[in-house]
Amino acid sequence: MDKKKFLPTLAFLIPLALYPILISFNNYFLNVGTFIVIYATIVAAWNIICGFAGQLDLGAGAYMGMGIFITGILLLWWNITPLIGIIVGGLATAALGFVIGYPTFRFGVREVWYALSSLALVSILQKLFLVWEQVAGPVERRLPYFSGEWYLMRFYNFSVYFYMSLALLIITLLLNVKIRYSKIGYYLLAIRENEEAAEMLGVDVRKYKLLALLIYSFIVGLTGGIFVLIAGYYHPSLFDPWVSIQTAILGIVGGLGAIYGAPLTALIILGIQEYLRFTLGGIVQGLHLIVYAVILILVVLFKPEGLSEVFRSIYKKAVALKAK
Amino acid sequence: MEPIQLVQSVIFGIIMGGIYALVAMGLALVFGVMNVINFAHGDFVMLAMYITYFLSLMLTLDPILVPLITIPMFFVLGIGVYMGTLHKIVRGPALSQIAVTVGLMVLLRNVTLALWRAEPKAIQYTAVAGYFHVGPFIFPTSRLFGAVVSILTLVALHLFLTRTKLGLAIRATAEDADAASLFGVNVRNVYAFTFGLGTGLIALAGALIMTFQEVNPLSGLLYGLLSWVIVAMGGLGGVVGVFFSSIILAIAESIGITFWDPRAREIIIYLIFIILLWVRPTGLFAKR
C-alpha cells in the first residue's frame, strides 16, 4: 500500500506529542487535553461505523461505560492491573457490541431505528447498573488513590494518560486509513451508499456491518478503560447519552468518512468549547453549548459535507503555495 | 404478587397510557405525514413543561389553563422552526434531519438550562391535585384529568383528520406528497401546518404532565425516546395505533415499576423497544 496515505497522521502526532511540554505538564491542561484526545479517538472510531458503513450509531456512551465498568471492576474486585483490565474491557465491550449488533443487523434494523435503539442501549445499561446494587448501584465506587505504582496505574501526573490516549488515537487513525483503502473499506462504502445494491453485488452486508461495529466498540471500550483511571471512580451516570450525542455531532460536523477531518474537528471544537466554558460558562450556564448547537445546525444546513472540506481546501492551498 | 396490587398497577398504566398517547401523537403526526425524523421532540415537551411552569408562576394561573396560551404559542413556534430549519431538508437524507434536530435538542436543553438553571422545577398549585378512592383502588386526580383531556383531544384529532378537508389533504400528503400536489394540495403549507399542529399538541401534553411531575433540562430524553417507542409500536396506524400502543407500553411499565424497581422504568420501556424492532419492525398496528 501507498505509504503516503499514512503521512497526515504524523501531522497529528507531532504537535500533540509536544503538547504536554508546551504547557509544562500543568495538570489542568493535561486533563483537558486528555479528554479532548479521548473524544477525538471516539470520533475517529465512530467514523468506521458511520462514516464508512453508514450506520448512525448512538451507542458510544454505552460502549464507553462498559469499558469504564469492566476495567474498574477488575481492578477493584480482583485487583487485576488496568494494563490487562483495559484490554479485557475493550474485548468485553466488543462482545456487548456483538450481542446487540448481531440480532440488530440480522433483523435489518436500520437508519433512525438503529440510531434510536443504540441510544436506548445507553439508558438501559445505565439503569441496569443503577438497579444492580451489588455491582454498582447509586454510590460512586472509588479506585485506589494515586500511588504512582505501575501496577495500579493511578498516577498523580496525568501525562501518562495523555500519551496513552494519544497512542490510541494514532492507532485508530492508522486503522482508519488501513480499512479505508482495503477491500473491507470498499465494501463498507458500498453498504453506506446503497445497502440493497451492495447485497445484490455479493457483499455480505451483515458480516461487514458487524465487523465495523466490533472494531468501533472495541476502541470505544478501550477509551473507557483509560477514562476510569483518570476519573478515579465508576458510577452508572458514566453511561452517558451525551457522549453518544456529542460523538455524532462532532462526526457529522467534521464530515462523514473524513478520516482526519472528523478528529481534527473534535480537537478544534472541543478546544474552543472548553475555552468558552470558562469564559462564557461562568456568566450564563450552558451558553457555550448554545453556541455549539447553533454551529451544528448552520453547518448541516449550509455546509452539509462538513468542515473537513474546509480543511482540505486549506491544505490544498498550502501545498500549492509551497509548489510555487 | 397480590391481585389488588396488580389491578391497581394496570389502572395506573391505563391512565398514564392516555397521557403518553398525547405526548407521542405530535411525533407520530410529523413522522407519519412528513417523514421527518425529529430527535428534538422530547425537548419540545420539556420546553412546554418549563413554559407551563413559568406562566403559571408569572400569571398565577392554574397549569391546566395555561395551554389556552401555550397551544397557539407553540403552533406558531412549530411553524417558525419548520420554516427556519426543517423546510430545507424535508426531502433530504435522514442523517441531515437527525443532525439538525439533534442541534435543536442541544439548543433547547441549554436555553432552558441558561434560563432556569439545573434544579428541577415543579408547579405550586393546581385544582386537580390529590387523589380519590374507588373501592380498594386509588385514582390520582391530576393524572386522570390529564388522561381524559388527552383522550378527548385525540378523538378530536381523529375526527379532524378523517372528516375535514384539511385533514384529507394531510392524509393525502402522508400517502404520496407528489400525487397530492398534483391534485392541488399545497404540500409546503400542509407540512408547515402539520409541524405546527404537532408542536401545539406537545404544548398541551407538557402542561398536563407538569400537573404531576417536575421538570429539569434533561427531562427531554425520556419523553423523546418514549414517543419513538410508541411510534415504532403503533407503526403508521394513525391515532388509534398510537393510542393502543401507549396503553400497552404504559401498563408494562407500571407493572414493572410496581413489582421490580421504580428505577427500572427506562429498562422496561427500552427493552420492549429493542426487541420490538427485532421481531416486528413494522409495529403492532401497521395497516400494510
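Listed values, structure above:
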quantity	calculated
Residue A:307 vs. criteria touching a residue at least 12 places away in the same chain (Cβ under 8 Å), open to solvent by less than 30 Å² (accessible area, probe 1.4 Å) and within 14 Å of another protein chain (Cβ to nearest Cβ)	no
Total residues in region A:55-93, condition over 29 Å from residue A:192 (Cα atoms) and either of a type in the set (A, V, I, L, M) or within 14 Å of chain B (Cβ to nearest Cβ) (or both)	12
Criterion violated by residue A:270 - all others in (1) at pLDDT below 80; (2) in a helix (DSSP H, G or I) satisfied	(1)
Hey, residue B:109 within 26 Å of residue A:286 (Cα to Cα), basic (Lys, Arg), more than 21 Å from the chain's Cα centre (by Cα) and within 12 Å of chain A (Cβ to nearest Cβ) or not	no
Output for region A:293-324, where each listed residue is part of a helix (DSSP H, G or I), closer than 21 Å to residue A:267 by Cβ and touching a helix residue (DSSP H, G or I) at 6+ places or on another chain (Cβ under 6 Å)	A:293, A:296, A:299, A:300, A:307, A:308, A:311
Hits in region B:112-132 - residues which are open to solvent by 60 Å² or more (accessible area, probe 1.4 Å) and more than 8 Å from every other protein chain (Cβ to nearest Cβ)	B:115, B:119, B:120, B:124, B:125, B:127, B:129, B:131, B:132
Residues of region A:282-292 satisfying the condition of being outside any helix (DSSP H, G or I) and either of a type in the set (A, V, I, L, M, F, W, C) or in contact with a helix residue (DSSP H, G or I) (Cβ under 9 Å, 6 or more places away or on another chain) (or both)	A:283, A:284, A:285, A:286
Near pairs, Cβ below 7 angstrom, 6+ apart or cross-chain, from region A:32-61 (among the polar types (S, T, N, Q)) to any residue that is not in a helix (DSSP H, G or I)	A:34/A:158; A:47/A:257; A:47/A:259
So residue B:113, is it more than 25 Å from residue B:242 (Cα to Cα) and not in a helix (DSSP H, G or I)	no
Single residue of A:294, A:205, A:220, A:228 found to be open to solvent by less than 40 Å² (accessible area, probe 1.4 Å), over 28 Å from residue A:137 (Cβ atoms) and at pLDDT 85 or above	A:205
Lone unmet requirement of (1) open to solvent by 50 Å² or more (accessible area, probe 1.4 Å); (2) more than 8 Å from every other protein chain (Cβ to nearest Cβ) for residue A:299	(1)
Test for residue A:252: is it over 30 Å from residue A:153 (Cα atoms) and in a helix (DSSP H, G or I)	yes
Region A:270-289 residues that are within 12 Å of chain B (Cβ to nearest Cβ), paired with ones that are open to solvent by 30 Å² or more (accessible area, probe 1.4 Å) and in a loop (DSSP other than H, G, I, E, B) (beta carbon under 6 Å, 6 or more apart)	A:287/A:280; A:288/A:280
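The values are calculated or read from the model by the stated rules, or taken from the named source; none is laboratory data. Please read all numbers here as calculations on a predicted model, not as lab measurements. As a convention, Cβ positions derive from the backbone with ideal geometry for all residues, glycine included, and neighbour counts pool all protein chains shown. Surface areas here come from the heavy atoms of the whole protein model, side chains and all, with no ligands, DNA or RNA. Shrake-Rupley method; radii C 1.70, N 1.55, O 1.52, S 1.80 Å.
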